Each structure stands twice: as C-alpha cells, then as structure tokens.
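Have a look at the structure below, then the notes.
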Amino acid sequence: MKKSKSKIKTSAGSKIFTFINALILILLALICILPIINVLATSLSSNTAVAGGKVAFWPVEFSLESYKYVLGKTAFWRSMGVTILRCILGVSVNVFLCVISAYPLSKSNKRFHGRTAYTWFFFLTMLINGGLIPTFMTVKSAGLLGSIWALILPGAVPVFSVVLMLNFFRAVPEELEEAAIVDGASQWQILMKIFIPISKASMATVCLFAIVFHWNSWFDGIIYINTPAQYPLQSYLNTVLIDATTATSAIDMDALALISDRTIKCAQIFLSMLPIMAAYPFLQRYFVKGMTLGSVKG
Amino acid sequence: MVKNKKSGILKLKKELPFHLMLLPGILITFIFSYIPMLGMKIAFQKFIPAKGLFGDQIWNGLDNFTYLINMPGAMTALKNTIIIAFWKIILGIIIPVIVALMLNEVRSSKLRRSVQTAIYLPYFLSWVIFAGILIDILSPSGGVVAQMLRVIGVDPPFFLGSNKLFQPTLIWTDIWKSFGFGTIVYLAAITGVDTSLYEAATMDGAGRLQKMWHITLPGIRMVVVLMSVLALGNVLNAGFDQVQNLISPQVYSSGDILDTFIYRIGLIDAQFGPATALGVFKSAVSCLFISVSYYVAYKFFDYRIF
C-alpha cells in the first residue's frame, strides 16, 4: 500500500537499506528451514557418510535403508494409527463442544440471562488450574488411564477457541436470526442452518487449532497411557528420540550394519513431520487469520 | 404477579435450548477442571494415592510447603524458571517486533511471502520433533552446527550438556521456534497504522528508517505494550514441553524448571503432597499475575477477552 508512493526517487541509502533488510530476512528464513533440510539429508545418507561428518544439507551416498527400517517397524505404524484416531475423535469432540458452547455465550445478556455466569465458569479455568498431580488423579479416578479418552476428554472444551468462535458469532447480524425465529426455526436449527454455514473461516481456524493440538501432544500420552505399545506418535517419538536409553536398545543388531542410530532418528523425525508439512499451507493461512482475529481486537 | 410469573416461564422456555447446549461443555469442564481445583487440597495432606482423591487422608497443614522450602532442588527450579521465563518474554516481544518491522519494509511480495512461510514453519512442529532436531544438529560430535563451527576454527561446545550454556540454548531455541508466529500479531497491527501519516512524512522528507522509527513503531506501541502485559501471566511458565524434551540430569542445576521438577518428584518419585504443594504455589502466583495483567489490559487498553 504505502510502498507505491516511495517510487518518487530511490536514494542510494534506501537501496542499501532494502538490500541489507532482505539479506537479514533471507538469513532468518534459512535458519528456520536449514535444520529441516539437514535432517532430511542425514536421513537419506549412508551410515558411514553421516558418521564421518560429511553430511550437511545434501545427502551423501544416497541410501533409503533408514526409511526401509522405520517403515518396516510396527511400533511406528501403530503409534501413527493411534494419533490419527486421536485426531479424528479429538477434533470432532473439540469442534462440536466449541460450537455448542460458543453459540449461547454469543447471545446478549438480554437474550440469554445465564450468560455472564456461564462465561465466568469457563473463563475461570483459564486463570486457575489444578496442576499436574490433581489432574492426573482426576483422570485416574475417572477410570480413564490407558484409554484414548484420557487424551481427549481433559482438553475437550477448548476455551480459547470458544472465545474466538463466540466473538465471530457475535458479528453475525441479529436480523438473520430474528427472521429465522419468525419462520419458526428452533435455536438448534438456527445454529446448524445459519450460523455454522456462514462461519466457515472461523470453523476452519478452530479445527486447525484442534488438529495441531492433538497431533503435537505428547506428554498426556506418556502419563495417561501405561502401555508404550499404545502410545500416540509424539509420545512414541519422545521415547525413541529423546530418551536415549530406549533408543539404543530399540535397534536390532543386524540393522546396525547398514544404518545408524542417527539416520534412523532423522528418518523418523522427517516421516512424522510430513503430515504437518503437507497441511502447512492451509495451517498457515488460517492461523494467520485466526491469530489476528483472536488476539488483537480494539 | 401472574403476568410476571408467566413471562418468567416463557423466558425459561425460550432460553432452555441455550442451557441445554451448554450442558455437555459445563459437565466436562466441571469434571476435568474444577475437580482438579478441589484436588489441590492434596497440598495440605500427607497424601496416600491408594485411598483416592477424596478418600480419608491425613491433613498435615503446611508441612509440604516447608519441606519444599528446605529442598535445594525446588529453589533452584524456581530461580531457573524465573530467569528463563523472563528472557523468553523479553526476547519473545522484541524479536518479533523487529522482524515484523523489517518484513513490512520488503516491497517484493514474493520475497515477503516466502520469508513468512519459512519463519512460521517451526511453530507447527511439536516440541518432541523440534527437540529431536536440536539434539541432532547441536550434538558436539557429529551435529551440523559443530561441523560448521569446526570449519571456522571454533571448538564446538556441548550446548545441551553444559550448565553454562543450557539456559541460553533454551531461550534462543524457543525464540527460534516461535518468533515467526509472534510476528503475525505485529504485522497485523502495522497494517492498521494510518497510511496518510506515511504520506505526510514522505512530504516532509523523512527517510525509511525515520518513518519506521517515528510512525510505524509508535503506531503499534499499544499492541506491543498489550502483548507484554498479557505475557506477564506466564512468568512461572518457562516452557515444560521444551525443557522436558531437552533436559538431562547433568544440567538439572541450570535447566530444571518448576514444571519439570513437579513432574519428577510427583509422578516419577510419587511424592504427591509436595508436588501438588508446588503446583498450588505456581497456580496461585500465575492466577495473580494473569488477573492483574488482564485487569491492566482491560483498564488501559480496553482489551476484552469476551
């Protein structure tokens, strides 16, 4: 916008500024991308090249052995399956509860008298939380340990998303709703047939928040699922990438001749990143929208 | 009277769908947020897990708290938490603001978009994956950072294994992962700055740096202050996901934070009482800070969450 009028004259100083500015930004962009490229290059290189420190950003002695090894491992696939199931269940629950909670809360105090009390009920959970041990004990008492619902129910009502959604609902003109009431529509029908169809953008944002949350969570898997065989992907990765003792014992001796611990780790990192990277263009677009919608108002 | 009562029933009938819609969310929130709040009583008990959350436990007053005060690990964790969180908050504001200002000066929309796409990316990776990458590239033996340092003749340090370097490494890698996402907010704020101000400044012969300093920066000042105020609520959150994935016993003295400490003494060593007591302390301080920061944000910047 304001770029156009600086066409008048580009001074030498301005040119240098533009150049240095672009240079620094490109450098920053590289800093964010290069680690990922390094991991990819390492995963595609031979064991000896990696061990010799020859791999930087391009595969040396190209080899797919580490991928063959990881893709042949049942543990990897099983945890991937758990995560996909978790995402499907978790996102449905999150989005459903978000919408049906945000809708009544978006009504004015006059239209819905309990609004303030309910809003405070939800808001308080953003201020105070019971902390690790009481939450763990609650999930345990509910008999959820070891069940996938332990990963879904404690975070089932995403308060931040509810706030985002209710602010969006509020912007819907009241006349639409009044017209529907005159036509004899119930509140459920109004929500389903009017509000949801016109809220696609914020529904997408809320959906993406939920997907990223469920795809990336790892700690709840570690504490609530007691059998490592049923860990979701990120919890499984935590045990193989981070917890060094399990990582070395997990590799069988035959495989070690061709591949190394490091190439396997990098292959696993890259494979687990793939789904997020594939969804990234959508993620980025909607998150930018969601963030600007949700964080800076007024 | 009769009319009033009737309208009350009518109102209830009209509002009943709203109450029903809220019911599932209220129930789940009650169970998984409010019951744990009641569970904070464990902090004042000699808690025996086998008896259950609301079983017949022995109360021991403030014993768990005095136990923690005398425990060197807890105080170290508190100190580390404050230092790490402090720097993360400061740099987490300054760097995104600078990057947003710089991005705003880029004229080529192609370059701008590519840079944005690249810098947001790390935010979407889980801390497990990002930590996995960091452990690999920062490894002093074969990591790519070590290789590059050797090329320029520097002996690569053990970033994740030395108590001197662990805190800066935590702070900078956190900024690395999240600065791109933080810039979104400030870029959005910059687009809101009145463009006629720039025109006037151009007329007056202001250079680009001058415009940046005298117009853009003051133009987004409110948003920067607001974000800083809201960030204050996080003084006791130094980033559990990150630290838990990068820490190792040799750097406990510089990298252990309250959350990792609570996890270790609570769920690993099964000292439920002291761990909850520390959690209660953390919750109380956080609650105070968040309330104050929301209040300030509301009072001075008219920021409302709902």
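The values are calculated or read from the model by the stated rules, or taken from the named source; none is laboratory data. As the structure is a prediction and not an experimental result, all values here were calculated from the model. Positions of Cβ are backbone-derived with ideal geometry, glycine not excepted, and every protein chain shown enters the neighbour counts. Accessible surface areas use protein heavy atoms only, side chains included; no ligands, DNA or RNA. Shrake-Rupley method; radii C 1.70, N 1.55, O 1.52, S 1.80 Å.
Just read off the accessible area of B:Lys79 with the full protein assembly in place, 1.4 Å probe, to the nearest 10 Å².
120 Å²
So what is the diffusion coefficient of the stretch A:26-171 in µm² per second by Stokes-Einstein at 20 °C and 1.002 mPa s, using a Kirkwood Rh over Cα pairs?
Translational diffusion coefficient: 107 µm²/s.
Could you tell me which residue out of B:Ser253, A:Tyr103, A:Ala179 lies farthest along the dipole of the protein assembly as shown toward its positive end? Charges go on the beta carbon: Lys and Arg +1, Asp and Glu -1, centred on the Cα centre.
A:Ala179
What's the average, rounded to a whole number, of partner chain beta-carbon atoms within 10 Å of each residue's beta-carbon in A:268-281?
3
Cα centroid distance between the stretch A:64-97 and the stretch B:257-306, in Å?
32 Å
Probe radius 1.4 Å, ligands and nucleic acids left out: can you give me the accessible area buried at the A-B interface, summed over both chains, in Å² to the nearest hundred? Intermediate values should be presented prior to the final figure.
Details: alone 17970 and 19050 Å², together 28050 Å².
Adding both sides of the contact gives about 9000 Å².
For the stretch B:51-80 and the stretch B:210-232, what is the separation of their C-alpha centers, rounded to whole Å?
Here the answer is 42 Å between Cα centres.
Could you give the size of the charge dipole of the stretch A:6-83 about its Cα centre, using +1 on the Cβ of each K and R and -1 on the Cβ of each D and E, expressed in debye and rounded to the nearest 20? Intermediate results must be reported in sequence, preceding the final value.
Numbers: 7 positive and 2 negative charges, 72 e Å.
Taking the Cα centre of the stretch A:6-83 as origin, the dipole is about 340 debye.
Quick one: with all protein chains in place, what share of the accessible area of the stretch B:1-66 is carbon or sulfur, to the nearest percent (1.4 Å probe)?
74 percent
For chain A, report the convex hull volume of the alpha-carbon atoms normalised per residue, in Å³, without decimals.
Measuring per residue, one finds 210 Å³ for the Cα hull of chain A.
Among A:Ser45, A:Ile16, A:Met165, flag the residue with its Cα farthest along the positive direction of the charge dipole of chain A, charges on Cβ as +1 for Lys/Arg and -1 for Asp/Glu.
Farthest towards the positive end: A:Ile16.
With a 10 Å radius around each residue's Cβ, average the other Cβ atoms per peptide and rank A:161-169, B:229-237, highest first.
So the peptides A:161-169, B:229-237, ranked by packing, come out A:161-169, B:229-237.
Using all alpha carbons of the protein assembly as shown, what is the percent of pairwise distances in each 10 Å bin, ordered from the shortest bin to the longest?
Result returned by the calculation: 3, 14, 23, 26, 19, 10, 4, 1, 0, 0.
For chain B, modelled as a Gaussian network with Cα springs under 10 Å, which listed residue fluctuates most, B:Thr202, B:Thr76, B:Thr191?
B:Thr202
Would you mind working out the accessible area per residue for the stretch A:95-143, using a 1.4 Å probe, and quoting it in Å²?
37 Å²
Along the positive direction of the dipole of the protein assembly as shown (beta-carbon charges: Lys, Arg +1; Asp, Glu -1; about the Cα centre), which of A:Ile194, B:Gly61, B:Gly273 reaches farthest?
A:Ile194
Return the aspartates and glutamates within reach of B:Lys79: Cα separation strictly under 17 angstrom, same-chain partners fewer than 8 residues apart disregarded; answer none if there are no such residues.
Cross-link targets: B:Asp256, B:Asp259.
Show A:Ile128, A:Ile198 ordered by accessible area, largest first, where the area counts protein heavy atoms only and the probe is 1.4 Å.
Correct descending sequence by accessible area is A:Ile198, A:Ile128.
Specify the inter-centroid distance of the stretch A:152-194 and the stretch B:92-136, based on alpha-carbon positions, in whole Å.
So the two Cα centres are separated by 34 Å.
Per-residue mean of other chain beta-carbon atoms within 10 angstrom of the beta-carbon, peptide B:259-268?
Counting Cβ atoms of other protein chains within 10 Å of each residue's Cβ and averaging gives 2.
Past 26 Å, Cα to Cα: identify those pairs from A:Lys289/B:Lys14; A:Lys289/B:Lys110; A:Lys107/A:Lys200; B:Lys110/B:Lys211, in the order given.
In this structure, A:Lys289/B:Lys14 lie more than 26 Å apart at Cα.
How shielded is A:136-148 by partner chains, expressed as the average number of their Cβ atoms within 10 Å of its Cβ atoms?
Mean partner-chain Cβ count within 10 Å for A:136-148: 4.
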